[in-house]
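One structure below.
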Amino acid sequence: FSVNPDTRGEYASMFQTRKVTKVYEALAPARRDLSLPLTRRSRIVRGEPFFRMKEIDGDANSETQIELAENAERATSDAVLYRLIPVTGRKHQLRLHMSALGIPILNDRLYPELSLERTSEDRFSTPLRLLARSIAFEDPLTRRERYFESIRTL
């Protein structure tokens, strides 16, 4: 958030102290038996191979709020739009939490199963259906509320 090294730390600390609200959207399978909204908490650690993560037993170090962004009953396909609000920021947290709930994000090549057999052309035609929708925070220097929202859609 800052090209100025003197103020960079103030902006970085906003994430460490959870003063930033990030909202994502994801297309994933509909699960009508899942009671939403819900909060997924788990312990996430490095998995195998090195670029994957996994959930293990233990004190939670990750938390994501998950809700429907559209009415699943009215969805015309098997996929629905979910709103994901991470409270923490672990590597692959959103992907792992959705997969663990049995609703992996569409076109996810890492979760629940590793699938690296696609060509680069396949990756461009079938991208991961995850979108950073918005970010909001109080600017630590000006104290003004800041809100940024993507115009992209899934």
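Report, by residue number, each residue of region 42-68 that is buried (at least 16 other Cβ atoms within 10 Å of the Cβ) and either touching a Phe, Trp or Tyr at 6+ places or on another chain (Cβ under 8 Å) or charged (D, E, K, R) (or both).
Of everything in region 42-68, those that are buried (at least 16 other Cβ atoms within 10 Å of the Cβ) and either touching a Phe, Trp or Tyr at 6+ places or on another chain (Cβ under 8 Å) or charged (D, E, K, R) (or both) turn out to be Glu55, Glu63, Ile66, Leu68.
Restricting the search to region 1-44, which residues are assigned to a loop (DSSP other than H, G, I, E, B) and in contact (Cβ under 8 Å) with a residue 24 or more places away in the chain?
Residues satisfying the conditions are Arg18, Lys19, Ala30, Arg31, Arg32, Leu34, Leu36, Pro37.
Do we have any residue at all in region 80-94 that's part of a helix (DSSP H, G or I) and modelled with pLDDT of 95 or more? Talk me through it step by step, then tell me what you get.
Within region 80-94, the subset part of a helix (DSSP H, G or I) is 93-94.
Of the ones still in play, those that are also modelled with pLDDT of 95 or more are 93-94.
Checked region 80-94: at least one residue is part of a helix (DSSP H, G or I) and modelled with pLDDT of 95 or more.
Report every pair of residues separated by at least 6 positions or lying on different chains whose Cβ atoms are under 7 Å apart, first residue within region 45-60 and without any contact (Cβ under 8 Å) to a residue 60 or more places away in the chain and aromatic (Phe, Trp, Tyr), second surrounded by 10 or more Cβ atoms within 10 Å (Cβ to Cβ) and assigned to a loop (DSSP other than H, G, I, E, B).
Pairs found: none.
Here is a check on your reading of the model: is Thr76 surrounded by fewer than 16 Cβ atoms within 10 Å (Cβ to Cβ), of a type in the set (Ser, Thr, Tyr) and modelled with pLDDT under 95?
Yes.
Return yes when Pro112 is touching a Ser or Thr at 6+ places or on another chain (Cβ under 6 Å), open to solvent by 60 Å² or more (accessible area, probe 1.4 Å) and in contact (Cβ under 8 Å) with a residue 12 or more places away in the chain and no when it is not.
yes
The values are calculated or read from the model by the stated rules, or taken from the named source; none is laboratory data. Please read all numbers here as calculations on a predicted model, not as lab measurements. Heads up, the Cβs are rebuilt from the backbone with ideal geometry, glycines too, and the neighbour counts pull from every protein chain shown. We work out accessible area using only protein heavy atoms, side chains counted, and drop any ligands, DNA or RNA first. Shrake-Rupley method; radii C 1.70, N 1.55, O 1.52, S 1.80 Å.
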